[in-house]
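Have a look at the structure below, then the notes.
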Amino acid sequence: MYDAIVIGGGPAGLTAAIYLGRANRKTVVLEPVPAGGQAGVINDIVNYPGFVSVSGYELIENMMKQAKAFGCEIVYSGAKSVDATAKTVTLSDGKVLEARAIIVATGCKAKSLGLSGEEELLGSGVSYCATCDGGFFKGKTVAVAGFGDKAREAALYLKNIAGKVYYIVRGGDKVEGAENMDATVTALIGNPLHAIETMSADGEKKTLDVSCVFISAGYTPVTYMIAGQVKTDERGYVYTDENMMTSVPGVFAAGDIRVKNLRQIVTAASDGAIAAQAALKYINRI
């Protein structure tokens, strides 16, 4: 029996674990290898307070060390399923853990374009976050590919940073100050990336020299283990109150899986701290 099970070893989950460990509560963090989620694979983080520049790996590693120093157990396994009412978690190997409170901090997975080499180029010319990585391409030529409001927001953000922005979406949407293309990206060229291939709606192919392509095709919250048990919006993001409590007492959500406006490392860490404090109060009450 644990006091708290934290599902997810990114900034939200590890911050929660640090606070729980400091309070001397028996806590386990579940995180499949490699740890850290999206934050863990960012090469250079420059917008996390206290660090002029830090790699995602280093930041997560330090958070892991802090959590362990406060007595938290780290189990390198994913959560297969959660029984929100019983407060049990079944691991991928079939083992079942029980706790008084559960904090779900499993984050989101960026939707890819499904292109060859896309995963390998992450951090080497492919990015899923304009606000995270845009500053590294000041004055350079970049592309935004995807659809919807997020792609438009990325192009609007980058046009004030990059030397040139190709805004590549289907349907004819336009962003002033960008080169607008009614097309799709069909290939990534080079490692690190130095060019992309596009195809227009009428079948015309072009090769564009770019330093980075920012893919904004949306995100999917990793909430399969609690699906149908807590209240979510139509996309699967979890509703919480201001204390990160879900619709099920004793089950908390923190970080990018929440219904919220800004998904950044600093806001994830904030959510984790709030969730931990609320979980401590819940545990004390029961």
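The values are calculated or read from the model by the stated rules, or taken from the named source; none is laboratory data. Remember, it's a predicted structure, so these values are computed and weren't measured experimentally. Every residue, glycine among them, receives a Cβ derived from its backbone with ideal geometry; neighbour counts consider all protein chains shown. Heads up: the accessible areas ignore ligands, DNA and RNA and are worked out on the full protein's heavy atoms, side chains in. Shrake-Rupley method; radii C 1.70, N 1.55, O 1.52, S 1.80 Å.
Whenever a residue of segment 67-82 is touching a residue at least 40 places away in the same chain (Cβ under 8 Å), its partners that are in a loop (DSSP other than H, G, I, E, B) and not aliphatic (A, V, I, L, M), lying with C-beta atoms within less than 6 angstrom and at least six residues away or across chains, give the pairs SER77/SER92; GLY78/PRO32; GLY78/SER92; LYS80/SER92. Only one of the numbered conditions (1) within 30 Å of THR85 (Cα to Cα); (2) within 14 Å of the chain's Cα centre (by Cα) is violated by THR232, and that is (2).
Looking across segment 187-213, just one residue is in contact (Cβ under 8 Å) with a residue 40 or more places away in the chain, under 18 Å from GLY114 (Cα atoms) and polar (S, T, N, Q), and that is ASN191. Restricting segment 58-96 to residues that are touching a helix residue (DSSP H, G or I) at 6+ places or on another chain (Cβ under 6 Å) and open to solvent by 30 Å² or more (accessible area, probe 1.4 Å) leaves a set whose member that is farthest from THR15 (Cα to Cα) is SER81. Residues that are modelled with pLDDT of 95 or more number at least 2 in the following helices (runs of 4 or more DSSP H) confined to segment 1-96: 11-22, 56-69. If you go through segment 120-150 and keep only what is under 16 Å from TYR219 (Cα atoms), assigned to a helix (DSSP H, G or I) and among the small types (Gly, Ala, Ser), you end up with ALA130, GLY148. Looking only at segment 119-177, residues that are surrounded by fewer than 20 Cβ atoms within 10 Å (Cβ to Cβ), more than 19 Å from LYS109 (Cβ to Cβ) and among the aliphatic types (A, V, I, L, M) come to 3 in all. Scanning segment 97-118 for residues that are assigned to a strand (DSSP E or B), modelled with pLDDT under 95 and open to solvent by less than 40 Å² (accessible area, probe 1.4 Å) yields a total of 2. Listed by position, the strands (runs of 3 or more DSSP E) inside segment 184-278 whose residues that are open to solvent by less than 50 Å² (accessible area, probe 1.4 Å) number at least 2 are 195-200, 212-216, 251-253.
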